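Asks: Shown below is the structure under consideration.
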């Protein structure tokens, strides 16, 4: 037997620290190993390996095997996970496995997809299979369009293995290695003066700098990104671009592929299969991908030649994970850029109040783009329609209907925005007042008429639409309010000649759905788009000249102190979809509160004035970003159990931390979710260090008390929460 090691191994379990095993082969940190844990055999990651002589083997469990397929994870990956686990007070092992692709979490060897490309030879091109061999003919036709991997070949023809072997033997097909990716840039547009000045600023200096690229919608932020990326690629460095939603990637990828046709890109998002995600992750990790584009989880991917990080739409709440390791990808991106001594660019038309506060404090530097990049384009004119004095048909005021009709006649595209999917938000009985509620949540069931179901958008519960009131038997039950499905149906009745396309979570659930939507829109095959906030983020629809906003008022008087900031940002973003090309844009916002300061700031395009007011209100109330906040949450089948647990934690910890304000416990805003009742304890402090010193003790106390609490109780800690 060779030198014996004791090895510290991280395992995906809700316990802090690592676990000691005996290794009878040389191991190094970052290796994946198979270890016994309780009655299971699980994947572990070697965190530390210390050779020791004279270790008594019977006192430690042995590592059973090394898991093959990828090299050891690099130290930089460990350091980032360690920081995230420490800052968010989350078990290191669980944080580590959260940051890995699914394939690397499993207790088995991994096999990377075969990247060999197969291409038709000249003879193969000139000798197509007979037309009667339809499957072979279809495969041949696909190969005529360009080389394909074996995975793509098998997706085109499932039993293609024998055909590929036959065509290789006959000289109809040849193997090609993936092409090298020398740096190359396609033709680039001329920057305007503001873009050129912004690029010069973002390119100045070396090492870490945190830039905020604040540009109005349509100001050409992406073109500035592309120029900045070009410099990094030319120097042989990698670029990480974080986007908030999967649906933003098709348009970005298309722009990037067009600009850098020979640069390899790695895409990382939840629509990928496990194999696709592993390949992209490894391509980024091994330095083969020059550009890495992904959603929030991509912030963890190791990049050996990182030169620049871009966080697009940095204000978006999707960058904050809402379960498990509740990290904020934007904040981790800034930390990573500082550690790796590279610049980070946070882009937005409406920077978050946290980002504005960092600009004021001198931690971030702002660069502004104040006019639209397209020569004739300008910001749309915003009109507020006071619906208290206007007749409405299916939720649409008459001026909005007239404006839609004019756009159809002029062959211009319109967008009707309503942040509520489904047919209607609720079904109600006209006799007894019964309303369709979710049996497991403090929420209403939404009507989805096409599927004839009532669905909870929180827990997923579904039930058929009743034929009569379940309470009194009355058959006169009606859907109340508007959703995207109902609006789509109404517009099709109002404008039978118009082509209406609905875009929401229901219509984009299929893989590649966004690609098809983009092709349809950019081919001019749509007259009216109907959609939710998915359409408010970064999309460029050049022919769109009118935006109609319905039911915006709900965000004005929410119990969540961030609601006003979110509403203003959403409205600025969705309004910005209009008038991005030659045709002037117009925005109609239907509201009962036209004089509200938020709407007045929106109409005046006064972002700075709005943020001044919001920051002053937050400071007066003691809310972030003027303070630092965390939330301890608990849920159980009964609210009393959750509240008693939080009361016990507060009683044990609060007295030793006078600088931290404890509020609660109190029921959560949505008290009941998925048949569990929820409560929360809010902690606030003027200084981050004081809050985290308290949280160190609080998390240990909560873990100890949870072991003695009812088994059904669950708890979690959310640092810098985005939702209360």
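Asks: Go through the stretch 375-387 residue by residue and tally those that are surrounded by fewer than 16 Cβ atoms within 10 Å (Cβ to Cβ) and either within 22 Å of residue 491 (Cβ to Cβ) or touching a residue at least 40 places away in the same chain (Cβ under 8 Å) (or both). Show your work before the answer.
Replies: First, pick out the residues of the stretch 375-387 that are surrounded by fewer than 16 Cβ atoms within 10 Å (Cβ to Cβ): 375-376, 378, 381, 383, 386.
Then keep just the ones that are either within 22 Å of residue 491 (Cβ to Cβ) or touching a residue at least 40 places away in the same chain (Cβ under 8 Å) (or both); that gives 376, 378, 381, 383, 386.
Total satisfying the criteria: 5.
Condition check ((1) in contact (Cβ under 8 Å) with a residue 40 or more places away in the chain; (2) under 30 Å from residue 297 (Cβ atoms); (3) surrounded by fewer than 20 Cβ atoms within 10 Å (Cβ to Cβ); (4) touching a helix residue (DSSP H, G or I) at 6+ places or on another chain (Cβ under 8 Å)) across all residues:
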site	(1), (2), (3), (4)
85	yes, yes, no, yes
90	yes, yes, no, yes
131	no, no, yes, yes
151	yes, yes, yes, yes
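Asks: Sticking with this structure for a sec: Kindly indicate whether residue 346 is assigned to a loop (DSSP other than H, G, I, E, B), crowded, with 24+ Cβ neighbours inside 10 Å and touching a residue at least 12 places away in the same chain (Cβ under 8 Å).
Replies: Numbers: assigned to a loop (DSSP other than H, G, I, E, B): no; crowded, with 24+ Cβ neighbours inside 10 Å: yes; touching a residue at least 12 places away in the same chain (Cβ under 8 Å): yes.
Considered against the rule, which asks whether it is assigned to a loop (DSSP other than H, G, I, E, B), crowded, with 24+ Cβ neighbours inside 10 Å and touching a residue at least 12 places away in the same chain (Cβ under 8 Å), residue 346 comes out as no.
Asks: Follow-up. Can you name the residue in the stretch 7-27 that is over 34 Å from the mean Cα position of the chain (by Cα) and surrounded by fewer than 16 Cβ atoms within 10 Å (Cβ to Cβ) and, of all such residues, is nearest to residue 79 (Cα to Cα)?
Replies: Going residue by residue through the stretch 7-27, those that are over 34 Å from the mean Cα position of the chain (by Cα) are 7, 20-27.
Imposing the further condition that a residue be surrounded by fewer than 16 Cβ atoms within 10 Å (Cβ to Cβ) reduces the set to 20, 24-26.
Values: 20: 20, 24: 27, 25: 25, 26: 22 Å.
So the residue we want is 20.
Asks: Ok, one more. Only one residue in 696, 704, 718 is in contact (Cβ under 8 Å) with a residue 40 or more places away in the chain, more than 29 Å from residue 458 (Cβ to Cβ) and not in a loop (DSSP other than H, G, I, E, B), so which one is that? Talk me through it step by step, then tell me what you get.
Replies: Details: 704 fails: in contact (Cβ under 8 Å) with a residue 40 or more places away in the chain; 718 fails: more than 29 Å from residue 458 (Cβ to Cβ).
The conditions single out 696.
Asks: Give the residue, chosen from 138, 99, that is modelled with pLDDT under 90 and not assigned by TED's automatic domain parsing to the domain that holds residue 310. Before you say what the answer is, go through the steps one by one.
Replies: Working: 99 fails: modelled with pLDDT under 90.
Exactly one residue qualifies, and that residue is 138.
Asks: In the stretch 206-241, what count of residues is obtained for those that are over 27 Å from residue 372 (Cβ atoms) and either surrounded by fewer than 20 Cβ atoms within 10 Å (Cβ to Cβ) or outside the structural domain of residue 343 (by TED's automatic domain parsing) (or both)?
Replies: Total meeting the criteria: 7.
Asks: Among the residues of the stretch 606-655, which ones are touching a residue at least 60 places away in the same chain (Cβ under 8 Å), more than 28 Å from residue 690 (Cα to Cα) and either in a helix (DSSP H, G or I) or out of contact with any strand residue (DSSP E or B) (no Cβ under 8 Å at 6 or more places or on another chain) (or both)?
Replies: The answer is 607, 641.
Asks: Could you check how many residues of the stretch 451-498 are under 30 Å from the mean Cα position of the chain (by Cα), free of Cβ contacts under 8 Å to residues at least 24 places away in the same chain and part of a strand (DSSP E or B)?
Replies: Result for the stretch 451-498: 3.
Asks: I need a count of the residues in the stretch 564-592 that are at pLDDT 80 or above, in a loop (DSSP other than H, G, I, E, B) and surrounded by 21 or more Cβ atoms within 10 Å (Cβ to Cβ).
Replies: The total comes to 4.
Asks: Let me ask another. When the residues of the stretch 679-696 are filtered to those that are more than 28 Å from the chain's Cα centre (by Cα) and exposed (fewer than 15 other Cβ atoms within 10 Å of the Cβ), which remaining residue is nearest to residue 89 (Cα to Cα)?
Replies: The initial filter retains those residues of the stretch 679-696 that are more than 28 Å from the chain's Cα centre (by Cα), namely 685-687, 689-690, 693-694, 696.
Adding the requirement that they be exposed (fewer than 15 other Cβ atoms within 10 Å of the Cβ) leaves 686-687, 689, 696.
Numbers: 686: 19, 687: 17, 689: 13, 696: 7 Å.
Within the stretch 679-696, the match that is nearest to residue 89 (Cα to Cα) is 696.
Asks: I would also like to ask the following. Since residue 362 meets every condition but one in (1) more than 19 Å from residue 605 (Cα to Cα); (2) part of a helix (DSSP H, G or I), which condition does it not meet?
Replies: (2)
Asks: Taking the stated definitions as given, is residue 599 farther than 22 Å from residue 518 by Cα, assigned to a loop (DSSP other than H, G, I, E, B) and either assigned by TED's automatic domain parsing to the domain that holds residue 399 or over 28 Å from the mean Cα position of the chain (by Cα) (or both)? Before you say what the answer is, go through the steps one by one.
Replies: Numbers: farther than 22 Å from residue 518 by Cα: yes; assigned to a loop (DSSP other than H, G, I, E, B): no; either assigned by TED's automatic domain parsing to the domain that holds residue 399 or over 28 Å from the mean Cα position of the chain (by Cα) (or both): yes.
No, not satisfied.
Asks: Consider the stretch 298-315. How many of its residues are over 18 Å from residue 231 (Cβ atoms), touching a strand residue (DSSP E or B) at 6+ places or on another chain (Cβ under 9 Å) and part of a loop (DSSP other than H, G, I, E, B)?
Replies: 5
Asks: Also, quick follow-up: Quick one: in the stretch 388-400, which of the residues that are assigned to a helix (DSSP H, G or I) and over 34 Å from the mean Cα position of the chain (by Cα) is surrounded by the most Cβ atoms within 10 Å (Cβ to Cβ)?
Replies: Applying the first criterion (assigned to a helix (DSSP H, G or I)) to the stretch 388-400 yields 388-389, 398-400.
Adding the requirement that they be over 34 Å from the mean Cα position of the chain (by Cα) leaves 388-389, 398-399.
Working: 388: 9, 389: 9, 398: 12, 399: 16.
The selected residue is 399.
For (1) in the same structural domain as residue 92 (by TED's automatic domain parsing); (2) within 20 Å of the chain's Cα centre (by Cα); (3) touching a residue at least 40 places away in the same chain (Cβ under 8 Å); (4) under 20 Å from residue 110 (Cβ atoms), each residue gets a yes or a no:
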site: 294; (1), (2), (3), (4): no, yes, yes, yes
site: 297; (1), (2), (3), (4): no, yes, yes, yes
site: 302; (1), (2), (3), (4): no, yes, yes, yes
site: 306; (1), (2), (3), (4): no, no, yes, no
site: 312; (1), (2), (3), (4): no, yes, yes, no
site: 319; (1), (2), (3), (4): no, yes, yes, no
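Asks: Report yes if residue 63 is crowded, with 18+ Cβ neighbours inside 10 Å, modelled with pLDDT of 90 or more and more than 28 Å from the chain's Cα centre (by Cα), otherwise no. Give the steps one after another, and end with the answer.
Replies: Numbers: crowded, with 18+ Cβ neighbours inside 10 Å: yes; modelled with pLDDT of 90 or more: yes; more than 28 Å from the chain's Cα centre (by Cα): yes.
In short, yes.
Okay, residues lined up against (1) outside any strand (DSSP E or B); (2) under 18 Å from residue 58 (Cβ atoms); (3) assigned by TED's automatic domain parsing to the domain that holds residue 59:
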| position | (1), (2), (3) |
| --- | --- |
| 10 | no, no, yes |
| 13 | yes, no, yes |
| 16 | yes, no, yes |
| 21 | no, yes, yes |
| 26 | yes, no, yes |
| 30 | yes, no, yes |
| 41 | no, no, yes |
| 45 | no, no, yes |
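Asks: Shifting gears a bit: Can you name the residue in the stretch 548-563 that is touching a helix residue (DSSP H, G or I) at 6+ places or on another chain (Cβ under 6 Å) and either in a strand (DSSP E or B) or crowded, with 17+ Cβ neighbours inside 10 Å (or both) and, of all such residues, is modelled with the highest pLDDT? Break it down into steps so the answer makes sense when it comes.
Replies: So the first thing to find is which residues in the stretch 548-563 are touching a helix residue (DSSP H, G or I) at 6+ places or on another chain (Cβ under 6 Å), and the list is 548, 555, 563.
Still in the running and either in a strand (DSSP E or B) or crowded, with 17+ Cβ neighbours inside 10 Å (or both): 548, 555.
On the way: 548: 96, 555: 77.
Within the stretch 548-563, the match that is modelled with the highest pLDDT is 548.
Asks: Name every residue in the stretch 355-370 that is out of contact with any strand residue (DSSP E or B) (no Cβ under 9 Å at 6 or more places or on another chain) and surrounded by 14 or more Cβ atoms within 10 Å (Cβ to Cβ), in order of residue number. Talk me through it step by step, then tell me what you get.
Replies: Applying the first criterion (out of contact with any strand residue (DSSP E or B) (no Cβ under 9 Å at 6 or more places or on another chain)) to the stretch 355-370 yields 357, 360-362.
The one that is out of contact with any strand residue (DSSP E or B) (no Cβ under 9 Å at 6 or more places or on another chain) and surrounded by 14 or more Cβ atoms within 10 Å (Cβ to Cβ): 357.
Asks: Another question, then. Here is a list: 505, 444. Which entry is crowded, with 20+ Cβ neighbours inside 10 Å, under 27 Å from the mean Cα position of the chain (by Cα), within 22 Å of residue 551 (Cα to Cα) and modelled with pLDDT under 85? Spell out how you get there, then give the answer.
Replies: Numbers: 505 fails: crowded, with 20+ Cβ neighbours inside 10 Å.
Answer to the check: 444.
Asks: Separate question: Which numbered condition trips up residue 647, out of (1) under 26 Å from residue 440 (Cβ atoms); (2) modelled with pLDDT of 95 or more; (3) surrounded by 19 or more Cβ atoms within 10 Å (Cβ to Cβ)?
Replies: Among (1) under 26 Å from residue 440 (Cβ atoms); (2) modelled with pLDDT of 95 or more; (3) surrounded by 19 or more Cβ atoms within 10 Å (Cβ to Cβ), residue 647 violates only (3).
Asks: If you don't mind, another one. Just wondering, is there one or more residues in the stretch 410-426 that are assigned to a loop (DSSP other than H, G, I, E, B), modelled with pLDDT under 90 and more than 30 Å from residue 575 (Cβ to Cβ)?
Replies: In the first step, residues of the stretch 410-426 are kept if they are assigned to a loop (DSSP other than H, G, I, E, B); the result is 410-412, 418-423, 425.
Now narrow it down to the ones that are modelled with pLDDT under 90: 418-423, 425.
From what is left, the residues that are more than 30 Å from residue 575 (Cβ to Cβ) are none.
No.
Asks: Would you kindly identify the strands (runs of 3 or more DSSP E) lying entirely within the stretch 167-274 that contain at least 1 residues that are modelled with pLDDT of 90 or more and within 27 Å of residue 352 (Cβ to Cβ)?
Replies: Filter on the stretch 167-274 gives 210-215, 238-242, 265-268.
Asks: Give the residues of the stretch 660-674 that are surrounded by fewer than 20 Cβ atoms within 10 Å (Cβ to Cβ) and either touching a residue at least 24 places away in the same chain (Cβ under 8 Å) or at negative phi (or both), sorted by residue number.
Replies: Step one: filter the stretch 660-674 for residues surrounded by fewer than 20 Cβ atoms within 10 Å (Cβ to Cβ), giving 661, 663-664, 666-667, 669-671, 673-674.
Scanning the stretch 660-674 gives 661, 663, 666, 667, 669, 670, 671, 673, 674.
The values are calculated or read from the model by the stated rules, or taken from the named source; none is laboratory data. The shown structure was predicted, so the numbers you read here are calculated from the model rather than taken from an experiment. With ideal geometry, Cβ positions are generated from the backbone for all residues, glycine too; neighbour counts draw on all protein chains shown.
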